[in-house]
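Quick notes on the structure that follows.
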């Protein structure tokens, strides 16, 4: 795998979006997923977070595109029609997700207590 592809797993400025976050959370477990059950899980999580915008079909297309990107850069292994997250390759992305949550928590704390 080329250096460019290996480095492309980390995202640029702004960090991962909510759809990528839910996709990574879904594939990080021990289970193998086919696309349809994976989409059902991610869509339910997005609806619970009130983040399922743009319609179900558009989310399905965006999720498939992000999943294929993760397969391409090695973050998800595809065997036949099943997908499984590669924990070692997804680590940089999960670290970005954790950093994003920390920034959001600090921002929320600053709003409540401005002298932090």
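Read the figures in this text as sums done on the coordinates, not as results from a lab. Everything numeric here is computed off the predicted structure, so don't read it as measured data. Cβ coordinates were reconstructed from backbone atoms using ideal geometry, including for glycine residues, and neighbour counts include every protein chain displayed.
At a glance:
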| item | result |
| --- | --- |
| Output for the stretch 31-64, where each listed residue is without any contact (Cβ under 8 Å) to a residue 12 or more places away in the chain and closer than 12 Å to residue 17 by Cβ | 53, 54 |
| Residues (surrounded by 11 or more Cβ atoms within 10 Å (Cβ to Cβ) and farther than 13 Å from residue 25 by Cβ) located in the stretch 76-95 | 77, 78, 82, 83, 84, 86, 89, 91, 92, 95 |
| Flag if residue 61 is surrounded by 11 or more Cβ atoms within 10 Å (Cβ to Cβ) and in contact with a helix residue (DSSP H, G or I) (Cβ under 8 Å, 6 or more places away or on another chain) | no |
